Amino acid sequence: MISTSPSAGASRRTVLRNATGLAVGSMLAPFALAQSRKAGSAEYGVASIDPSYAMAYVALKKGYFSDAGLDVKYLNAQSGPRAKQMLAAGQIHMATTGVNDSLALRLAGKPSVLVASFDNRVPFANILINKKLYDSGVKTVKDLAGKSMGVTQPQSATWLMATFIADRAGLKDKIAIKPLGDFATMMGAVKSGAVDCCTATFGMLEKAQEEGWGVPLFDITNDATWTALFGGDVNGVGCYVLQETIDKRPEAVQALVSGIVKATDFIKTSSPTEIAQVIHADYLQGYSMPSVVSAITVYKKTWTQDNRITRAHYDRLVGIMDGRQFSSAELKTVPYEQSVNMSFVDAARKA
C-alpha cells in the first residue's frame, strides 16, 4: 500500500527534485568546464628567473590563470630582447619583461601594448659589484670610470638602466657595457671578475652577499637617491601583448591580466615567507629560501598595488629612453594612448 500522507508526497517530490538536479548537473558539468576554458591556451614568456617576477609565478602556481579560463604554458625566455623577438615571431602570445621592450617592439613595426605592471620602480636598476673591487676603493658609481658593467642583451631594459645610470653619473663612454645573457651568467661574470659589476635585481644582490663575493654599489630602495636620479616612479617590469592579440583574443588577454591582478592581491596580503613558500620550489630553485624571502621583503616596497601604468610613469620611461635607445622623433610616434591599455586591469579590479 502506497501512503498518500503529505509527508510521503513531499518525500517523493524531494527525491524527484534531487534526481532531476543531479541529472541537470551532470549535463551542465561539461558545459561549465568548457566555459572555464573559454579563453583557450597561450604561451607566456618571462624574461628570466628571479623573485622580481613573483606575480607571474604566484599566478601560475596557485592556478589563477586557469581560474580565469586560460591554460598558460610558461617558459623562461632568458632575456627581455629574446622574449620580445619570440612575441613578434608568434612563438609566444604574451610576455613579461622590461616595459621598454614593448615600446621597442612597437617602434620596430610590431604594434605591442602594455596591459599590466608588476612594479613602480625598475627592479634591475641596482648595481652589483665584485667585493674585492669594492674593498679596493670603488665605492660609488662615479668610481666606475674605466670599468666594465654587465647587462643581459644590447637594447634590453638592463642595458637601458646601465646606460642611463652611467650617463647621469657623467660616465658616458667611460664604462664598457658588456652583454652577457641571463641573470645567472651576469652574476657568474661578476663573481669571476670577467666584468667589474652588473645591473642587478634584489635577488641577485641577496645571492651575491649571501655567498660573500659581491656587494651593492647602488640600490633603488634609497628614496632620495632614486628620486634624484629618476625623478619619480618608473615601471620596470610589465605584461605586454601584440595589438592583434587584443583584437582577436581579448578574452585571453583579460584572463592573463586577471591572473596577474589576483596574484598581486595575494602578494599584498601575504608575508614574504608565505609568498616564498608558494613559488620557491617550482620557480626559484637556484636561490636559497632565505635569499628569496629577503628579496621579496624588499620588493614588497616597490611592487605595484594596482598593476597600473600611468601617463606620468610612461613619460618618465620615455625620458630615460630618449637619446639613448631611440630619438625624440621616434618616441613621439608611440604615444601613451596607443602603447598602454589599462582597460583589462580596470575590468579585473572591478570583477
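The values are calculated or read from the model by the stated rules, or taken from the named source; none is laboratory data. From a predicted model like this one, the values you see are computed outputs, not experimental measurements. Please note: Cβ atoms are built from the backbone with ideal geometry, for glycine as well, and neighbour counts cover all protein chains shown. To get the accessible areas, we keep the full protein, side chains included, count just its heavy atoms, and leave off ligands, DNA and RNA. Shrake-Rupley method; radii C 1.70, N 1.55, O 1.52, S 1.80 Å.
So the values come out like this:
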read-out	value
Single match in ASP247, ASP196 (criterion: touching a strand residue (DSSP E or B) at 6+ places or on another chain (Cβ under 7 Å) and open to solvent by 10 Å² or more (accessible area, probe 1.4 Å))	ASP196
Residues of segment 109-135 satisfying the condition of being among the small types (Gly, Ala, Ser) and modelled with pLDDT under 95	ALA125
Flag if GLY90 is open to solvent by less than 60 Å² (accessible area, probe 1.4 Å), at pLDDT 95 or above, more than 21 Å from ILE246 (Cα to Cα) and more than 15 Å from the chain's Cα centre (by Cα)	no
Whichever residue in segment 135-170 is more than 22 Å from the chain's Cα centre (by Cα) and β-branched (Val, Ile, Thr) and, among such residues, is most open to solvent (accessible area, probe 1.4 Å)	THR140
Test for ILE279: is it closer than 30 Å to GLN85 by Cα, touching a residue at least 24 places away in the same chain (Cβ under 8 Å) and either open to solvent by 30 Å² or more (accessible area, probe 1.4 Å) or touching a Lys or Arg at 6+ places or on another chain (Cβ under 9 Å) (or both)	yes
Of all residues making up segment 110-125, the number that are surrounded by fewer than 24 Cβ atoms within 10 Å (Cβ to Cβ) and either among the β-branched types (Val, Ile, Thr) or more than 21 Å from TYR44 (Cα to Cα) (or both)	3
Subset of segment 93-110 (residues that are farther than 18 Å from LEU256 by Cβ, in a helix (DSSP H, G or I) and more than 15 Å from the chain's Cα centre (by Cα))	LEU103, ALA104, ARG106, LEU107
Criterion violated by ALA95 - all others in (1) under 24 Å from MET187 (Cα atoms); (2) open to solvent by 10 Å² or more (accessible area, probe 1.4 Å); (3) among the aliphatic types (A, V, I, L, M) satisfied	(2)
Which numbered condition ALA255 fails, given (1) part of a helix (DSSP H, G or I); (2) small (Gly, Ala, Ser); (3) in contact with a Ser or Thr (Cβ under 7 Å, 6 or more places away or on another chain)	(3)
Tabulated pairs, segment 122-148, first without any contact (Cβ under 8 Å) to a residue 24 or more places away in the chain, second not in a helix (DSSP H, G or I), C-beta under 9 angstrom, 6+ apart or interchain	ASP135/VAL215; ASP143/GLY137; ASP143/LEU217
Sole residue being open to solvent by 30 Å² or more (accessible area, probe 1.4 Å), free of Cβ contacts under 8 Å to residues at least 40 places away in the same chain, of a type outside the set (A, V, I, L, M) and touching a Phe, Trp or Tyr at 6+ places or on another chain (Cβ under 7 Å), chosen from ARG324, ARG316, ARG311	ARG311
Positions within segment 199-217 being open to solvent by less than 20 Å² (accessible area, probe 1.4 Å) and within 23 Å of ILE175 (Cβ to Cβ), in sequence order	THR199, ALA200, THR201, PHE202, MET204, LEU205, ALA208, GLY214
Subset of segment 282-308 that is in contact (Cβ under 8 Å) with a residue 40 or more places away in the chain and aliphatic (A, V, I, L, M) - its residue that is most open to solvent (accessible area, probe 1.4 Å)	VAL298
Helices (runs of 4 or more DSSP H) wholly inside segment 1-85 containing at least 1 residues that are of a type in the set (A, V, I, L, M), at pLDDT 90 or above and open to solvent by less than 10 Å² (accessible area, probe 1.4 Å)	54-61
